[in-house]
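The values are calculated or read from the model by the stated rules, or taken from the named source; none is laboratory data. What you are looking at is a predicted structure, and each value in this text was computed from that prediction instead of being measured. All Cβ positions, even for glycine, are placed from backbone atoms using ideal geometry, and neighbour counts span all protein chains on display. With ligands, DNA and RNA removed, areas are computed over all heavy atoms of the protein, side chains included. Shrake-Rupley method; radii C 1.70, N 1.55, O 1.52, S 1.80 Å.
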Amino acid sequence: MATVCLPGASSSPARVRFSRRLAAAPAPPSQARIRCAAIEDQTSFLEFSCSPKGMKNLACGMLAAWAITTASPVVAASQRLPPLSTEPDRCERAFVGNTIGQANGVYDKPLDLRFCDYTNDKSHLKGKSLSAALMSDAKFDGADMTEVVMSKAYAVGASFKGVDFSNAVLDRVNFEKANLKGAVFKNTVLSGSTFNDAQLEDANFEDTIIGYIDLQKLCTNNSISAEGRAELGCK
């Protein structure tokens with residue numbers, strides 16, 4: 001008999017452990033037992049069984065594949081950010097940018113800008129590619145970031161007060177808890193980006209490019225001014 005166990009709901013993401021061992025006697029040697037359980041919660045699981053011959057059956061195989069792929073996001077959810085870079089010039093790397101795989105956030109090494117201060121920078125960031133950059137807790141207040149490419153950047157808790165993002169590509173950026181007061185998103189691509197608990201008072205959304213579903217999520221942010229909501233078309 002083959003048994004597949006899926007972790008039950010828990011308050012925090014759980015890592016998944018896979019093991020394969022022979023079933024205890026008196027099960028025939030040809031029968032295998034497969035288990036997958038959450039380390040933090042092994043009490044809740046989904047179970048199905050297939051005979052060795054039945055494993056060749058399409059329906060049984062599809063169910064096994066579904067069980068494994070369903071568990072995969074739990075592993076992904078437990079991933080953490082890499083340690084802070086120790087390179088002495090890591091903040092200056094923003095002035096060069098990341099030129100490998102711009103749209104997909106592919107890079108030769110992480111662009112780590114965490115805790116860097118670019119306040120009122122008017123010349124070094126404009127038009128740069130900062131794809132997949134780690135920007136959490138960095139300061140960009142008053143900077144000129146027109147035409148930048150920040151696809152898949154991680155900007156949780158960063159400060160962008162008064163930043164000009166005109167004509168920039170900010171798709172799939174995580175702006176959770178970021179300070180974006182007075183930021184200008186004129187003709188800016190925001191598709192796939194998230195703004196959970198972000199501060200968006202007085203932000204300019206004129207001609208912003210954003211998908212319908214993403215727009216509905218953005219409109220739930222109560223910090224957006226009445227003018228900004230009108231520019232976005234929030235209902």
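Can we say Gly157 is free of Cβ contacts under 8 Å to residues at least 24 places away in the same chain, assigned to a loop (DSSP other than H, G, I, E, B) and closer than 16 Å to Cys219 by Cα?
When the stated conditions are applied, Gly157 does not pass them.
Would you confirm, using the coordinates I've provided, whether Ala138 is within 20 Å of Gly97 (Cβ to Cβ) and crowded, with 16+ Cβ neighbours inside 10 Å? For Ala138, the condition - within 20 Å of Gly97 (Cβ to Cβ) and crowded, with 16+ Cβ neighbours inside 10 Å - is met.
Candidates are the residues of the range 209-235 that are in contact with an Asp or Glu (Cβ under 7 Å, 6 or more places away or on another chain) and assigned to a loop (DSSP other than H, G, I, E, B); the one that is nearest to Arg172 (Cα to Cα) is Ser223. In the range 109-132, the count of residues that are farther than 20 Å from Asn221 by Cβ, within 22 Å of the chain's Cα centre (by Cα) and among the acidic types (Asp, Glu) is one or more. Selection of the range 181-199 for residues being farther than 15 Å from Asp214 by Cβ, open to solvent by less than 50 Å² (accessible area, probe 1.4 Å) and assigned to a loop (DSSP other than H, G, I, E, B) yields Gly182, Ala183.
Taken across the range 194-202, residues that are out of contact with any Phe, Trp or Tyr (no Cβ under 7 Å at 6 or more places or on another chain), over 21 Å from Ser131 (Cβ atoms) and hydrophobic (A, V, I, L, M, F, W, C) do occur, with at least one present. If you go through the range 151-161 and keep only what is under 24 Å from Pro88 (Cβ atoms) and either of a type in the set (Val, Ile, Thr) or surrounded by 23 or more Cβ atoms within 10 Å (Cβ to Cβ) (or both), you end up with Ala153, Ala155, Ala158.
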